[in-house]
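What follows is a short report on a single structure.
The values are calculated or read from the model by the stated rules, or taken from the named source; none is laboratory data. Computed from a predicted model, the values in this text were never measured in an experiment. Methodologically, a virtual Cβ is constructed for each residue, glycine included, from the backbone with ideal geometry; neighbour enumeration extends over all protein chains shown.
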Amino acid sequence: MNASSPSPAQNQASTATLYGGVTNRRVTVRDLAAAKQRGEKWAMLTAYDALTAGVFDEAGIPVLLVGDSAGNCHLGYETTVPVTMDQMVMLSAAVVRGTRRSMIVADLPFGSYQESPAQAMHNAARLMKDAGVGAVKLEGGERSARSIELLVEAGIPVMAHIGLTPQSVHAFGGYPVQGRGDEAAHQLLRDAKAVQQAGAFAVVLEAVPAELAAQVTEQLAIPTVGIGGGPDTDAQVLVWTDMAGMTAGRVPKFVKQYANLRAVLGDAAREFAEDVRGGAFPAEEHSFH
């Protein structure tokens, strides 16, 4: 084999489809880069526990995000801001234990990386060492570039997150679409190029105009992951409770609900309660003698 010939491992990374194709190891950043090169789109879902993560892993979802969205979805907070590092380590470790194939990316929560690159390094290392994740995600473009650079230099894969960054909800005054208007669009492009230059292996584009997300995707060599960014990004991510119909009340415009698990679970709970109240459960087959 000459120096210019691809190795067997490189061939495997460049030809194996992401969805269900990698079965004997975890998906890596090289697999995601290869998917971008061949134009294969891929899905990412959030996960916060071993049981649910195992279902998504078996379904072939190549990347699972242990998002600080757990604050809204599972911990009862109104925003992601109160989520702590200890909580993220616990949730991330559970997702890692419940999976075999999916690449696990964990969020650095608010206050765990904004102070300095050294703070980002310390907490990212916790997620890698104590939880066993394969990568971390942090919010911010140009303002977070130095932290991304330091983490990447230390061997920690980083997924960036620009556009609508939920940890900045109080600064935004809510969750408005980002990147509208020439100045805002130019800033988003600068942010995208800054995180790529810093070494991020992918970037989430949240709540940005579809045309702008398409432009960013075309100009970047790294994969773009859309959530409210239109159809032209390299990948799509949704919060699993939104996707599966577990979330109560209104969901964001960019969400498609693929099931109504809230109704299914509620019906099962009501049927169980009625069986107990009426004496139908436990029956003979559920009893020991």
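Here are the numbers for the structure shown:
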| read-out | value |
| --- | --- |
| Answer from Gln236, Gln196 - the residue that is in contact (Cβ under 8 Å) with a residue 24 or more places away in the chain and either under 18 Å from Glu40 (Cβ atoms) or touching a Ser or Thr at 6+ places or on another chain (Cβ under 7 Å) (or both) | Gln236 |
| Qualifying residue in the stretch 227-247 (condition: part of a loop (DSSP other than H, G, I, E, B) and loosely packed, with under 11 Cβ neighbours inside 10 Å) | yes |
| Cβ-Cβ under 9 Å pairs, at least 6 apart or on other chains, the stretch 168-183 side charged (D, E, K, R), far side buried (at least 16 other Cβ atoms within 10 Å of the Cβ) and modelled with pLDDT of 95 or more | Arg180/Val208; Arg180/Pro209; Arg180/Leu212 |
| Residues located in the stretch 142-168, provided they are touching a Pro at 6+ places or on another chain (Cβ under 9 Å) and assigned to a loop (DSSP other than H, G, I, E, B) | Leu164 |
| Matching residues in the stretch 41-76 - criterion: being aromatic (Phe, Trp, Tyr) and under 22 Å from Ala248 (Cα atoms) | Tyr48, Phe56 |
| Number of positions in the stretch 97-150 that are touching a residue at least 40 places away in the same chain (Cβ under 8 Å) and aromatic (Phe, Trp, Tyr) | 1 |
| Some residue of the stretch 62-73 being surrounded by 24 or more Cβ atoms within 10 Å (Cβ to Cβ), under 23 Å from Ala145 (Cβ atoms) and free of Cβ contacts under 8 Å to residues at least 40 places away in the same chain | no |
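Here's the yes/no breakdown for (1) touching a His at 6+ places or on another chain (Cβ under 6 Å); (2) crowded, with 21+ Cβ neighbours inside 10 Å; (3) modelled with pLDDT of 95 or more; (4) not in a helix (DSSP H, G or I):
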{"site": "Tyr175", "(1), (2), (3), (4)": "no, no, no, yes"}
{"site": "Leu188", "(1), (2), (3), (4)": "no, yes, yes, no"}
{"site": "Gln197", "(1), (2), (3), (4)": "no, no, yes, no"}
{"site": "Val216", "(1), (2), (3), (4)": "no, yes, yes, no"}
